[in-house]
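Taking it in order: structure first as structure tokens, then the write-up.
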Amino acid sequence: MEHLVRRRYWWFVFSLLIILPGLYMLFLHPLLTTGRPGIGLRPSIDFAGGALWELRFPDVTPETLSTDQIAQAFAVAGFESAQVQLSPTVVDGQPVAAALVRTRPLSESDPNTEIDAVTKALTDIFGTVSRERLESVGPTVSAESTRSAIIAVLGASLIILLYLTWAFRKAPHPFRYGVCALIAMLHDVFVVLGIAAILGATIGLEVDALFLTALLTTLSFSVHDTIVVFDRIRENLINRHPAETFDDIVNHSLVQTLPRSINTQLTTFFTLTALLLFGGDTIRNFVLILLIGLVSGTYSSIFNAAQLLVVWEHREWRTWFKRGRQDEVEVRSGA
């Protein structure tokens, strides 16, 4: 435990190993697969726009339900290029054929006519059709949602930076605490977004309004734990012994707060795990993102934010490319 700070670059490397695959899926994978730059997240209709139909087919067995037939029925009703995903469910212990269909948005002037056309086309092919859910979001609303999401994240980051700088104003170099907490928070954002991109490509996880809620909650988890660690560092700096170095103080502070951080986050972890297993499909993705953010926030507070304070204290970036060593040689030669 006494080597937590001494091994800080190990923790940085571990963070990079977690972040880099996500960055690849976020930025490089869309470019390599489509030839166009983009973001590798799978947006829901909240951000991409369109209509989402959740349908059940009581007269059809799940084995005989065809995505091509469903897409053809939607094309007859005027919804070409419908994306169909089969999602069989169980009702009263019996398997029921079901599907999720994504189409263009419904007409704002006469949506009922389009809904009736789709229902008739599906009924002609499959018999009885039950529409369990229908959501439609136009391109204007989706663009506004995307813009609001970006503003929310940037605004929260700025407020957190200003608040931490003010809260640690009595500590040496208070601005450093705000910046280091912000970098650790940025680490959590990349972890969550990267894993969301990977899960979107593998299991079809979509980024929706609940995802944004989970992301902002993750930021609060991260900053909350970081403040606890930083506050203990500040207290130990005030009561430091003459022989103690800054590294010793940070390491001692981490050892003091580590049990508290782990115990506090474990209680939340167990609750979220129970919700993930038994909470149902509607909140499963939301809880999954919260779990990922909780683990990442706890890690970054201890192994990134506090370690960055030590790096900044010694200005270690001067020696990353051996420039610091050259400066030392020049000083010695001049003397």
*Binning at 10 Å from 0, report for the stretch 5-145 what percent of all alpha-carbon pair distances ends up in each bin.*
11, 29, 26, 18, 9, 5, 1, 0
*Enter the accessible area per residue of the stretch 185-335 (Å², integer; probe 1.4 Å; all protein chains in place).*
51
*Let me know the whole percent of all Cα-Cα pairs from the chain that are separated by more than 36 Å.*
38
*asked:* From zero outward in steps of 10 Å, how is the percent of C-alpha pairs of the stretch 107-245 spread across the bins?
replied: 9, 25, 22, 17, 12, 7, 4, 2, 0
*Putting +1 on Lys and Arg Cβ atoms and -1 on Asp and Glu Cβ atoms, find which of Ile151, Gly138, Thr128 reaches farthest to the positive end of the dipole of the stretch 106-176.*
Ile151
*Compute the distribution of all C-alpha to C-alpha distances in the stretch 165-270, in bins of 5 Å from 0, and list the percent of pairs in each, rounded to whole numbers.*
2, 11, 16, 18, 18, 13, 9, 6, 4, 2, 1, 0
*Among Ile160, Ile283, Ile198, determine the one that fluctuates most according to a GNM of the chain built with springs between C-alpha atoms less than 10 Å apart.*
Ile283
*Could you rank the peptides 101-107, 129-135, 290-296 by their average count of other C-beta atoms within 10 Å per residue, with the highest value first?*
290-296, 101-107, 129-135
*Can you give the helix-only mean residue ellipticity at 222 nm for the chain, where every DSSP H stretch with n ≥ 4 adds -39500 (n - 2.57) and the sum goes over all residues, rounded to the nearest 500 deg cm²/dmol?*
-21000 deg cm²/dmol
*Report the net charge of residues surrounding Phe74, where surrounding means a beta-carbon distance below 14 angstrom and charges are Lys +1, Arg +1, Asp -1, Glu -1.*
-2
*Relative contact order %, the chain, counting alpha carbon pairs below 8 Å whose residues are six or more apart*: 22
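The values are calculated or read from the model by the stated rules, or taken from the named source; none is laboratory data. Every value quoted in this text rests on a predicted model; they were computed, and no experiment measured them. Don't worry about glycine lacking a Cβ; one is built from the backbone with ideal geometry, like all the others, and counts go over all protein chains shown. Note: areas computed on protein heavy atoms with side chains; ligands, DNA, RNA excluded. Shrake-Rupley method; radii C 1.70, N 1.55, O 1.52, S 1.80 Å.
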